[in-house]
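One structure below.
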Amino acid sequence: MTTIQTVVLAAEETPSPVLPQPYDIVWSLVCLVIVGLVFWKKVLPLFQKVLNERTERIEGGIAKAEQAQAQAQQALEEYRAQLAEARAEAARIRDDARAEGQQIIDEMRARAQAESDRIVAQGRAQLEAQRVQIVAELRADLGRVAVDLASRVVGESLEDEARQRGTVDRFLDELDAVSAPANK
Amino acid sequence: MLASSSEGGSAYHPPSVAEFFPDVILFAGTPFAIDRVMLVRLLMTVVVAVFFLVAMRSPKLVPRGVQNAAEYFLDFVRKHIAEDILGREQGKRFLPLLTTLFFLIFACNVSGIIPLLNMPGTARVGLPMVLAVVTYIVFNYAGIKAQGFGPYLKNNLFPPGVPKPVYILLTPVELLSTFVIRPVTLTFRLLGNMMSGHLVLVLFFGASWYMLFQISDLWLKPVGVLSLAMGFVFTLFEMLVQFLQAYIFTLLAAVYIDGALHAEH
């Protein structure tokens, strides 16, 4: 009995749960304004700033990396160009050297040829001189021998020396004329 | 709370709506009257404000400790409510409102299971109503500013792509649903959930207290233990509801703003 009465009494005294009292609204607004201002004016701007900084940092890092990459690429290209240039230079030097070497070889060959020609010619001349000398000697010897032989064969001395010599020379020239085409 | 009329001896008092109207402590009869619920609200307000102010007092590029936690919470609202519903640009614009709504509601909900407080600050109609009215003003303001007053009303009351006679039926329905029912449902969904959750907890814990300590019938003791266990289970459930209601309120506010910003229906 008493319980029911208390409950009923309480229900009668109790304000409607869906109709706010003025102080309920007032304190709700106070709470809203405090939390709202804290977020709106303070916390969220700070948070946004940090987020922006983070984004900037990341983007800055990416930009820096890209820049470094571009620089590396440029250096690589420069290096390649230099390398190609150096290779061309080396090839040119090599070709020059080869040409020069060839030229030297040709020159040397020509000089050697000339030297050899000269030596051969000298030898020939020497040989010719010796041959002429020998022929002259032989001719004198042969004349004397032939005259001896002839005087012995004939058995008489030939006084007329001049005539004697003319005869022998003429004979020998005839001999030469016969043998010369065969020698040369 | 139950102990207020303990003179009745061993009588059990089931919790009632009176639960939510404790005695006024200060400034009785003025618009600044303070009772336990108002105190809980103010305390939770201070907790939210101080927590975020301290955590973000000088935010570092690489967050540490409490800043990490604060950023995690703020990011939840920023990413999963503001940007998901409103997009990047508009989300940023309405972020202060949505963040305020979420954390004020969540803190005032959670006070319902904090020992010694044991009272959701949102279980009195004032706070849900004020927040719903603010949301109502903001989404209408956003719509009128984005589309102009005439087109905004026209888009809402006479949605395009419908045969003319249908408007006889559709326009009153749209008027009611957009401009009347929205703020009312925002208010009472939150209020109702928090009130009922609190009543359920009071019911179970009050019953356990009564059966375990106030009466001597031994056969009721196991029931008291069971009631205590149920109270614990419902406390866990309340945690979920408290988060969910804050989330839903904020999400719907974002959805209403988004709907108002865009003419397409």
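The figures follow:
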read-out	value
Any chance B:ARG189 is open to solvent by 60 Å² or more (accessible area, probe 1.4 Å), of a type in the set (D, E, K, R) and in contact (Cβ under 8 Å) with a residue 60 or more places away in the chain	yes
Where B:PHE179 falls short, out of the listed (1) open to solvent by 60 Å² or more (accessible area, probe 1.4 Å); (2) at pLDDT below 95	(1)
Looking only at the range B:213-265, and only at residues there that are crowded, with 19+ Cβ neighbours inside 10 Å and of a type in the set (S, T, N, Q), the one that is nearest to B:PHE103 (Cα to Cα)	B:THR250
Criterion (surrounded by 16 or more Cβ atoms within 10 Å (Cβ to Cβ), facing chain A (nearest Cβ under 10 Å) and either at pLDDT 90 or above or in a helix (DSSP H, G or I) (or both)) met by exactly one of B:LEU53, B:LEU39	B:LEU39
Breaking point among (1) away from every other protein chain (no Cβ under 14 Å); (2) within 23 Å of B:SER58 (Cα to Cα), for A:TYR79	(2)
Restricting the range B:64-78 to residues that are open to solvent by less than 30 Å² (accessible area, probe 1.4 Å) and of a type outside the set (Asp, Glu), the residue that is farthest from A:LYS42 (Cα to Cα)	B:VAL77
Residue within the range A:116-139 that is within 14 Å of another protein chain (Cβ to nearest Cβ), modelled with pLDDT under 95 and surrounded by 10 or more Cβ atoms within 10 Å (Cβ to Cβ) present	no
Filter result for B:ASN68 (polar (S, T, N, Q), more than 26 Å from B:ARG189 (Cβ to Cβ) and within 14 Å of chain A (Cβ to nearest Cβ))	yes
Residues satisfying the stated conditions in the range B:217-253, i.e. at pLDDT 95 or above and of a type in the set (Ser, Thr, Tyr)	B:THR235, B:TYR247, B:THR250
Residue within the range B:119-127 that is out of contact with any Phe, Trp or Tyr (no Cβ under 6 Å at 6 or more places or on another chain), among the aliphatic types (A, V, I, L, M), in a helix (DSSP H, G or I) and open to solvent by 10 Å² or more (accessible area, probe 1.4 Å) present	no
Entirely in the range B:139-236, the helices (runs of 4 or more DSSP H) that have 3 or more residues that are in contact with a Gly (Cβ under 7 Å, 6 or more places away or on another chain) and of a type in the set (A, V, I, L, M, F, W, C)	B:182-209
Single residue of B:ILE113, B:ILE168 found to be among the hydrophobic types (A, V, I, L, M, F, W, C), under 30 Å from B:LEU74 (Cα atoms) and open to solvent by 30 Å² or more (accessible area, probe 1.4 Å)	B:ILE113
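Table: residues versus (1) at the interface with chain A (Cβ under 10 Å from one of its Cβ atoms); (2) touching a residue at least 12 places away in the same chain (Cβ under 8 Å); (3) farther than 16 Å from B:THR178 by Cα.
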{"site": "B:ILE85", "(1), (2), (3)": "no, yes, yes"}
{"site": "B:GLU89", "(1), (2), (3)": "no, no, yes"}
{"site": "B:PRO96", "(1), (2), (3)": "yes, no, yes"}
{"site": "B:LEU101", "(1), (2), (3)": "yes, yes, yes"}
{"site": "B:PRO115", "(1), (2), (3)": "no, no, yes"}
{"site": "B:ALA132", "(1), (2), (3)": "no, yes, no"}
{"site": "B:ALA146", "(1), (2), (3)": "no, yes, yes"}
{"site": "B:PHE149", "(1), (2), (3)": "no, no, no"}
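To keep it simple, each residue is scored yes or no on (1) in a helix (DSSP H, G or I); (2) open to solvent by 90 Å² or more (accessible area, probe 1.4 Å); (3) at pLDDT 90 or above.
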| site | (1), (2), (3) |
| --- | --- |
| A:ALA11 | yes, no, no |
| A:TYR23 | yes, no, yes |
| A:VAL35 | yes, no, yes |
| A:GLU56 | yes, yes, yes |
| A:GLN67 | yes, yes, yes |
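The values are calculated or read from the model by the stated rules, or taken from the named source; none is laboratory data. This structure is a prediction, so every number in the text was calculated from the model and none was measured. In this analysis, Cβ positions are derived from the backbone assuming ideal geometry, glycine residues included, and neighbour counts consider all displayed protein chains. Protein only, heavy atoms only, side chains kept; ligands, DNA and RNA dropped before computing areas. Shrake-Rupley method; radii C 1.70, N 1.55, O 1.52, S 1.80 Å.
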